[in-house]
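Right, one structure below, let's go through it.
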Amino acid sequence: KMAAAASDLLTGWCLFGLALLAILIFCWVYVRKYQSRRESEVISTITAIFALAVALVTSALLPVDIFLVSYMKNQNGTFKTWADANVSRQIEDTVLYGYYTLYSIILFCVFLWIPFVYFYYEEKGEDDGNTCSQVKTALKYTLGFITICAVLLLIGAFVPLDIPNKKNSTEWEKVKLLFEEFGSSHGLTALSFSISSLTVIGMLAAITYTAYGMSALPLNLIKGTTSAAYERLENTEDIEEVEQNLLRIKSKCRDGRPLSSRDRRTLQQLEERLRTLRRRERHLESIEKSWWTKFCEAIRPLKIVWGVFFIIVALLFTVSLFLSNLDKALHSAGFDSGFIILGTNLTNPLNMLLPVLQRVFPLDYILITTIVMYFIFTSMAGIRNMGIWFFWIRLYKIRRGKTRPQALLFLCMILLLIVLHTSYMIYSLAPQYVMYGSQKYLVQVRYLTTLQNWEVIILLYLGSLIFFLCVCVLILFHFISDECIVTRTYLFLHKFWFFSAAYYFGNWAFIAVFLIGLIVSCCKGKKSVIEGEVDDDDSDMSDDELSVYYH
């Protein structure tokens, strides 16, 4: 048994190493694909790759957490022979330390590393040559982010979760209670409050980018893009029309008469329009001759299949989220409890599908992993299509081969925040599964009426006793704490009721934005084959950057 356990452990570490290597390779390819060649910097590239890898690894921790708590028990509800109290505690602590590490790295990236690199690069663009001055200025601006992080940690460390019941308790007793809570939680509350604060920002980013990406990505795959040859024909006609208008205006000054101010403005606009059209002509010609375009045309049916699959996943996700939120609105304890609901009154499609898939290992974990990764990749698609916005001001565009380092840093920071919100979104869809996985337990009773609200699977009679094989559910949390192991994810989700209330309202906003994005995406026509790659404010030097992908 020890040899088998060691072999399983070695296999697990090998798989983990291969997965980590695959994530790093994907992050390197993704960053290099969108990075501007003329403005690329080593430090910004490494930061973007590292932050993106942290986001993907953190998103993968939720399925691993669910798998581990489920793997420690047999299908008959008993613990496996190797899963004694010490081993179970070690596994729980390992997962918890994994969350500690990754969440601490996220705090480090969001509040220190990414802001420092961003401001350092901003100063480098204004003051070349003086590295010491750039570092000082970057540290000065980064100090503001560090202060915000410290304030969040302090608030989280001493926020009272348990208020003394004694009305005549002194102020010193209340302060003493705060320190006792901080010591007993070992900093978990402080970290949880900081992460929850960032998760609220991630919720806003998910509402803005992920909801739109979930509707735009599948429909874009299904509709495809316009033909490069057709666009070249239209572009050639536009060039001829602009050239004729230019000749007509220039003919007015052949006899030496000056042009009017209106004609000069029109002439300038037409010349800028002509330069843009000629850049489009060069790009369209490169795309039409590229091997990548021919490859994309060959796999067009596969893209349609993927688009249909993605839209099914998106609809499954949205319908499940709607029914889950409706269940909370009808049956939860209300706003003061963070809309937490014990048990499930309205079954959603995901809650129905997961118990069925649990019968065939590992279909349920594949589904959860698919939904998590789909959530991340649709977020990438939403950010890529919309760009980086601050309210109504567009800060940066995400374009292939032409994205500025600052935009890539923003993209990675937004993804880090969205990943934090992913765990709560999945919990909203399937709270029982996220909390306990596929765990079951045996209950020994003498009367059937004592289990009238329990989810009974199998009924066994042994003498005068009755044994039930039951599913671990949230409503029995205080009664089955020794029989069922709760995931570490749950510990970070429900420390503060007011954050849970904010997530509840955010889910409604997410559904609304998804439906609006779905309607808009359905009404829009096919995208241009060079969508977003040629703008009026581009320079002619930018043509060389895109040629790398087309030849």
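The values are calculated or read from the model by the stated rules, or taken from the named source; none is laboratory data. Remember, predicted model here, so these are calculated numbers, not experimental data. When we count neighbours, we look across all protein chains shown, and the Cβ atoms used for this are built from the backbone with ideal geometry, even at glycine. The accessibility values were calculated without ligands, DNA or RNA, using every heavy atom of the protein model including side chains. Shrake-Rupley method; radii C 1.70, N 1.55, O 1.52, S 1.80 Å.
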If you take the residues of region 378-401 that are open to solvent by less than 10 Å² (accessible area, probe 1.4 Å) and among the polar types (S, T, N, Q), which of them is farthest from Glu39 (Cα to Cα)? Thr378
May I ask you to verify whether Ile105 is loosely packed, with under 15 Cβ neighbours inside 10 Å and closer than 26 Å to Ile376 by Cβ? no
Report yes if Gly517 is more than 24 Å from Ala60 (Cα to Cα) and either modelled with pLDDT under 80 or open to solvent by less than 20 Å² (accessible area, probe 1.4 Å) (or both), otherwise no. yes
So in region 402-456, with the set limited to residues that are among the aliphatic types (A, V, I, L, M) and at pLDDT below 70, which one is surrounded by the most Cβ atoms within 10 Å (Cβ to Cβ)? Val443
Top-ranked residue of region 306-336 - restricted to ones that are charged (D, E, K, R) and within 25 Å of the chain's Cα centre (by Cα), ranked as nearest to Phe499 (Cα to Cα): Lys328
Residue pairs, Cβ under 7 Å, 6 or more apart or interchain, first in region 369-393 and within 14 Å of Met425 (Cβ to Cβ) and in contact (Cβ under 8 Å) with a residue 24 or more places away in the chain, second open to solvent by 10 Å² or more (accessible area, probe 1.4 Å) and part of a strand (DSSP E or B). List them. none
Do we have any residue at all in region 20-31 that's among the aromatic types (Phe, Trp, Tyr), modelled with pLDDT of 75 or more and loosely packed, with under 15 Cβ neighbours inside 10 Å? yes
In region 381-409, anything in contact with a Leu (Cβ under 7 Å, 6 or more places away or on another chain) and of a type in the set (A, V, I, L, M, F, W, C) is listed as Ala381, Ile383, Ile388, Trp389, Ile398
Collect the residues in region 32-44 that are part of a helix (DSSP H, G or I) and open to solvent by less than 20 Å² (accessible area, probe 1.4 Å), keeping them in residue-number order. Tyr34, Ser44
Identify, please: which residue in region 234-274 is of a type in the set (D, E, K, R) and in contact (Cβ under 8 Å) with a residue 12 or more places away in the chain and is, among those, nearest to Val529 (Cα to Cα)? Asp238
Name the single residue, out of those in region 234-251 being surrounded by 12 or more Cβ atoms within 10 Å (Cβ to Cβ) and of a type in the set (A, V, I, L, M, F, W, C), that is nearest to the chain's Cα centre (by Cα). Ile239
Please give the number of the condition Phe335 fails out of (1) open to solvent by less than 10 Å² (accessible area, probe 1.4 Å); (2) farther than 25 Å from Thr225 by Cα; (3) of a type outside the set (S, T, N, Q). (1)
So Leu363 ticks every box in (1) open to solvent by less than 20 Å² (accessible area, probe 1.4 Å); (2) under 25 Å from Ile311 (Cα atoms) but one. Which box is left unticked? (1)
I'd like to check something: does region 302-313 contain any residue that is more than 19 Å from Thr210 (Cβ to Cβ), assigned to a helix (DSSP H, G or I), at pLDDT 85 or above and among the charged types (D, E, K, R)? yes
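Conditions tested, residue by residue: (1) touching a helix residue (DSSP H, G or I) at 6+ places or on another chain (Cβ under 9 Å); (2) closer than 24 Å to Trp389 by Cβ; (3) open to solvent by less than 80 Å² (accessible area, probe 1.4 Å).
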| site | (1), (2), (3) |
| --- | --- |
| Ala206 | yes, yes, yes |
| Ala216 | yes, yes, yes |
| Tyr230 | no, no, no |
| Cys253 | yes, no, yes |
| Arg265 | no, no, no |
| Leu270 | yes, no, yes |
| Leu284 | yes, no, yes |
| Thr293 | yes, no, yes |
| Glu297 | no, no, no |
Which of (1) within 19 Å of the chain's Cα centre (by Cα); (2) surrounded by 16 or more Cβ atoms within 10 Å (Cβ to Cβ); (3) modelled with pLDDT under 80 is the odd one out, the single condition Ile341 does not satisfy? (1)
Can you confirm whether Thr293 is closer than 16 Å to Asp238 by Cβ, part of a helix (DSSP H, G or I) and β-branched (Val, Ile, Thr)? no
Specify the residue that is modelled with the highest pLDDT; the eligible residues are those in region 350-360 that are buried (at least 19 other Cβ atoms within 10 Å of the Cβ) and among the aliphatic types (A, V, I, L, M). Leu350
Is there a residue being open to solvent by less than 70 Å² (accessible area, probe 1.4 Å), of a type in the set (Phe, Trp, Tyr) and either at pLDDT 85 or above or in contact with a Leu (Cβ under 6 Å, 6 or more places away or on another chain) (or both) anywhere in region 121-131? no
